Amino acid sequence: MKKEKNNKNSIIIWSVKILLLAIFLSLSFSLISEFALSKAHIVVALIIILIFISISVLFDMLGLAVASANIEDFAAMASRKVKGSKQALILTKNADKVGSICDVIGDVCGILSGAAGASIVTKIVLTAGGEFLPILIASLISALIAGFTIFGKSVFKGFAIKHANSVTLKFAKFINFFSRKG
């Protein structure tokens, strides 16, 4: 009974941490994108949207790869001292938490790509005349953002599952590179 209560408390604590991370990342990315987009040319805004879509797709892929990776393979690699395997082992042991963090980052970037699209639409509406053209452009931009996001996620989800260990190991090496001290 006590273990069950501790488990519920740890789930609540983890969920609150994820909530705070989501708010912090949303605010940070939103401020950066709004600042960058406020005076940006439409081409720059499109590049920012593509960056947000790419980050969203990448983190979706990473979360799924870690969840699909084979923990035993990383344990064997760690015993052979394969570079990055210890970090990969830690990632796979904590796949639920890694997946949650990746979901947060991916979702925040997905939402911000839509917001950046709205910024482009606003600029176009202010310069375009008529009622039909701005509605058509807004719909087209929204459809393109959704389409590219869904396309990227569908392609890379398959890749993440098929190459889960390889993706996880590369992710672990990347994290390891930036977490070294000194």
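Between residue 136 and residue 30, what is 0.36 nm times their sequence separation minus the Cα-Cα distance? Round to one decimal in nm.
Details: separation 106, 0.36 × 106 = 38.16 nm, distance 2.55 nm.
35.6 nm is the gain from fully extending residue 136 to residue 30.
With r as the distance between the Cβ atoms of residue 43 and residue 151 and R0 = 35 Å, compute the FRET efficiency 1/(1 + (r/R0)^6) and round to 0.05.
Numbers: r = 21 Å, r/R0 = 0.61.
Rounded to the nearest 0.05, the efficiency is 0.95.
Could you order peptides 61-67, 112-118 by the average number of other Cβ atoms within 10 Å of their residues, highest first? The partial results should precede the final answer.
On the way: 61-67: 24.3, 112-118: 21.4.
Sorting 61-67, 112-118 by mean packing, highest first, produces 61-67, 112-118.
Just to be sure I follow the definition: excluding the sites themselves, where is the longest run in the chain that has none of the trypsin sites (Lys or Arg not before Pro) in a DSSP loop with at most 15 other Cβ atoms within 10 Å? Please report the intermediate quantities before stating the final value.
Working: sites that count: 39, 80, 81, 83, 180, 181.
Value returned for the longest uninterrupted segment is 84-179.
Hand me the chymotrypsin sites (Phe, Trp or Tyr not before Pro) from region 1-100 located in a DSSP loop with no more than 16 other Cβ atoms within 10 Å, in residue order please. Each step should come with its number before you reach the end.
Working: sites: 14, 24, 29, 35, 52, 59, 74; in loops: none.
Of the chymotrypsin sites (Phe, Trp or Tyr not before Pro), not one in the loops of region 1-100 has a Cβ with at most 16 other Cβ atoms within 10 Å.
Positive end of the dipole of the chain, charges at C-beta (+1 Lys, Arg; -1 Asp, Glu), about the Cα centre: which of 169, 29, 106 has its Cα farthest in that direction?
169
Mind checking which helices in the chain clear 18 Å along their axis (Cα) and have mean Kyte-Doolittle hydropathy of 1.0 or more, DSSP H runs only? Can you show the working numbers first?
On the way: long enough: 2-38 (53 Å, 0.71); 42-68 (39 Å, 2.74); 95-127 (48 Å, 1.19); 132-162 (45 Å, 1.61); 164-179 (22 Å, 0.64).
Span-like helices here: 42-68, 95-127, 132-162.
Which of 168, 149 comes first, and how do the rest follow, when ranked by fewest Cβ neighbours within 10 Å?
On the way: 168 30, 149 22.
With the fewest neighbours first, 168, 149 line up as 149, 168.
The numbers here are math on the coordinates, done by the rules we state, and not lab data. The model shown is predicted, which means the values in this text are computed figures rather than measured ones. All Cβ positions, even for glycine, are placed from backbone atoms using ideal geometry, and neighbour counts span all protein chains on display.
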